[in-house]
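Just so you know, all these numbers are worked out from the coordinates, no wet-lab data involved. Quantities reported herein were computed from a predicted structural model and do not represent experimental measurements. All Cβ positions, glycine included, derive from the backbone under ideal geometry; neighbour counts span all protein chains shown.
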Amino acid sequence: MDFIPDELGRLSDGSMFVHRLEPTLHVYYNSATIQMAARNGLHTLVADGVHSFQPRQLKRKGQLYTVHGVCSNGVEVPLLYAISSKKTEQVYTTIFRHIREEFDNSVIPPTLRVVLDFERASINAAKRVFPYATVQGCAFHLAQAWNRRRDHVGLPTFLSGMQKSFEVEAWWETIKGLVFLPRRLHREVRALRRPPVPVEHAAYGPCRRFLDYLEDTWYSGMFSDLWDKFEVHELRTTNLAEAYHNQLNTLMDGDHPTLSRLIEVLRDLDSEAESALITLQQNPSHTKHIRRKDLERRERISEEMRRFSSQYRGGVDNREIDDYCQNMSRFVSNTTI
């Protein structure tokens, strides 16, 4: 992991692609791509890691971590790739500082969002390197965490099957929809105050344990201000990174490629990113293509939030808050992976 031939480490124009080469951390990027993104309305960074594509030399220890940039009109491109056998705050700080240095050499985005999964090390690093940015968690990863805890405390027994409780089902749907509720209204949500069933009911304990988990993990501590998605109309998740991982899967010859094969593919992806940014630069009205079903889903969520926002300005009661949360729960994943 500490040697890369010069023909792989540099791009066709002779500029560097490998910017850091250490036994436990490689960082690859094209300075021109990051700087061009900054000049073309870069407003959001989305970062995520995957363990399927780290080189065979790591022996399945570590990850390929990619930072994507979202520019004007939703045009998104991968900006930086890192191979790391560690997931420490120091590692993520090093990764993000490479991007910050390229901003300093080009244009510093006037406003910047950073969307990550709920990993303490990466969150702390992003806040340190981009103190002016809004750091947000991924709504999909949030749903995954809640669903895993739901299963762990034993709630599924009361959400389906012979022991299904309609009170618990309505309570759970209210909880799921909280991510789309204005934070200042959370104190009005009855589902957060107590379980929906009497103490002697078999579901009381699981509901109580889940409420304690919400309080300890999501309403207190470092994640408390990272998961509100009310009036966030796009990029609520790191799903664009997941789509990129699917693209990698198509380009690679199976999992855990050789280091040389991985770098070849990443250089090709950088070339595509540069082309996309050149197109945007030459045609500022160029927009990213979004699948119809994804666009329709985004528009439905936005419309529901706008409707509730208008209703909220006129005053809402507890029942209307519950109804809104239960309605929005249909847009939140109910499965675990």
> Where does region 77-139 land on the Kirkwood hydrodynamic radius, alpha-carbon pairs, in angstrom?
Replying inline: 12.2 Å
>> What distance in nm lies between label points placed 7 Å from Cα along the C-beta direction at Ser224 and Arg97?
In response: 3.1 nm
>> If I take the Cα coordinates of region 1-131 and project them onto the principal axes, what are the three extents in Å, biggest first?
In response: 40, 38, 22
>> Within the chain, count lysine pairs with alpha carbon atoms under 20 angstrom apart where the residues are 8 or more positions apart or belong to different chains.
In response: 9
> Considering region 44-198, what Rg and Dmax in Å follow from its alpha-carbon atoms?
Replying inline: 19.9, 63
>> For a quick check of your reading of the filter: which trypsin sites (Lys or Arg not before Pro) in region 278-337 sit in a DSSP loop and have no more than 11 other Cβ atoms within 10 Å?
In response: Arg291
>> I'd like to know which of Cys71, Ser15, Ala125 lies farthest towards the positive end of the charge dipole of region 1-152, counting +1 on Cβ of Lys and Arg and -1 on Cβ of Asp and Glu.
In response: Ala125
> Tell me, what is the FRET efficiency for Asp216 and Asp13 to the nearest 0.05, using R0 = 56 angstrom and their Cβ-Cβ distance as r?
Replying inline: 0.60
> Mind listing the phi-derived Karplus ³J(HN,Hα) values for region 84-93, rounded to whole Hz, using 6.51, -1.76 and 1.60 with θ = phi - 60°, and x for any glycine or proline?
Replying inline: 9, 9, 10, 10, 9, 4, 5, 4, 5, 4
> How compact and how long is the chain, expressed as Rg and Dmax of its alpha-carbon atoms in Å?
Replying inline: 22.1, 72
>> Explain nothing, just compute: Karplus ³J(HN,Hα) = 6.51 cos²θ - 1.76 cosθ + 1.60, θ = phi - 60°, for every residue of region 167-179 in order, whole Hz, x for Gly and Pro.
In response: 5, 5, 4, 5, 4, 5, 5, 5, 4, 4, x, 4, 4
> For the residue pair Ser285 and Arg194, what label-to-label distance in nm results when each label sits 7 Å from Cα along the Cα-to-beta-carbon direction?
Replying inline: 6.0 nm
> Using the 10 angstrom Cβ neighbour count as an exposure proxy, how do Arg20, Arg149, Arg187 rank, fewest first?
Replying inline: Arg187, Arg20, Arg149
>> Step by step: find N for region 262-337, compute 2.2 N^0.38 Å, then divide the Cα radius of gyration by it. What's the final number?
In response: 1.77
> Can you give the net charge of the other residues whose Cβ lies under 14 Å from the Cβ of Trp146, counting K and R as +1 and D and E as -1?
Replying inline: 0
>> Whole-Hz ³J(HN,Hα) for each residue in region 294-308, computed from phi via Karplus 6.51 cos²θ - 1.76 cosθ + 1.60 with θ = phi - 60°, x for glycine and proline: what do you get?
In response: 5, 5, 5, 5, 4, 5, 5, 4, 4, 5, 5, 5, 5, 4, 5
> Listing Met162, Met305, Met36, Met16 from the residue with the fewest other Cβ atoms within 10 Å to the one with the most, what is the order?
Replying inline: Met162, Met16, Met305, Met36
> For Arg330 and Asn73, what does the FRET efficiency come to when R0 = 25 Å and r is the distance between their Cβ atoms, rounded to the nearest 0.05?
Replying inline: 0.30
> What ranking of Tyr244, Tyr92 emerges when the number of other C-beta atoms within 10 Å of each C-beta is taken as an exposure proxy, fewest first?
Replying inline: Tyr244, Tyr92
> Dipole of the chain (Lys/Arg Cβ +1, Asp/Glu Cβ -1, origin at the Cα centre): which of Thr279, Phe331, Leu295 lies farthest to the positive side?
Replying inline: Phe331
> How far, in nm, would the chain grow between Gln90 and Arg148 when pulled straight, counting 0.36 nm per residue and subtracting the alpha carbon separation?
Replying inline: 18.0 nm
> How big is the Kirkwood radius of region 111-217, worked out from every pair of different alpha carbons and given in Å to one decimal?
Replying inline: 15.5 Å
